[in-house]
Amino acid sequence: MASKQFQLEKITLEGSKVKKTILAVLTLAAVVAASPAPHNAFTPDTVPYGPAPAFIPAGAQLAVLEGDPTASSGDFTIRLKLPDGYKIPPHWHPTRENVTVISGTFKVGMGDTFDESKMNAFPAGSFAYLDPEMHHYAKAQGPVVVQVHGMSPVQFNYINPKDDPARK
């Protein structure tokens, strides 16, 4: 009889542990659901777009997803939302640029002169990297979203200083 009583107490104790575990999990789920979204994860509708900085031609929107692109060092990830026909004049960067096309078609050309006939079209899902000092230019064919990641600081060096929107 003592053996059966011990087993009955053990089952009751284990049942109590299960109830406490379920209660803890439900409480944690409620806290997580009520908490604001983390700043290290974004859904497309929560990407924090704002005006692009002065060194990018007017009309684009920019979101910093990770890091500080203006810092003297460190990783960064940004997204650019570009309207149809948006152009980035010939320029280069001192660090490697890694570009992923999220949506739309992003056209890119190489060289010191903007020449649409020499551009390649990169549809959504495409990826390209441009080594430091590679001269290039770009255009949005339809609305486009691109994601750029690399090492800070982000710096645009326009081939023709007259193309630099920060100087206008």
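Some points to look at:
- Test: residue in the range 94-105 that is more than 19 Å from the chain's Cα centre (by Cα), under 21 Å from Val64 (Cα atoms) and not polar (S, T, N, Q): yes
- Long-range neighbours under 9 Å by Cβ, at least six apart or interchain, first residue surrounded by fewer than 12 Cβ atoms within 10 Å (Cβ to Cβ) within the range 152-168, second charged (D, E, K, R) and at pLDDT below 95: Pro161/Arg167; Lys162/Lys168
- Candidates in the range 113-129 are the residues that are among the small types (Gly, Ala, Ser) and in a strand (DSSP E or B); of these, the one that is farthest from the chain's Cα centre (by Cα) is Ala121.
- Residue in the range 96-111 that is assigned by TED's automatic domain parsing to the domain that holds Tyr49 and part of a loop (DSSP other than H, G, I, E, B) present: yes
- Selection status of Val144, surrounded by 14 or more Cβ atoms within 10 Å (Cβ to Cβ), within 23 Å of Asp84 (Cβ to Cβ) and touching a residue at least 12 places away in the same chain (Cβ under 8 Å): yes
- Matching entry among Lys87, Lys81 (being of a type in the set (D, E, K, R) and under 18 Å from the mean Cα position of the chain (by Cα)): Lys81
- Residue satisfying all of: in the range 55-106; among the basic types (Lys, Arg) and surrounded by fewer than 17 Cβ atoms within 10 Å (Cβ to Cβ); farthest from Asp45 (Cα to Cα) among these: Arg96
- Residues of the range 57-116 that are closer than 14 Å to Ile159 by Cβ and acidic (Asp, Glu): Asp112, Asp115.
The values are calculated or read from the model by the stated rules, or taken from the named source; none is laboratory data. What you see is a predicted model, and the numbers here were worked out from it, not measured in a lab. Positions of Cβ are generated from backbone atoms using ideal geometry, with glycine treated the same way; all protein chains shown enter the neighbour counts.
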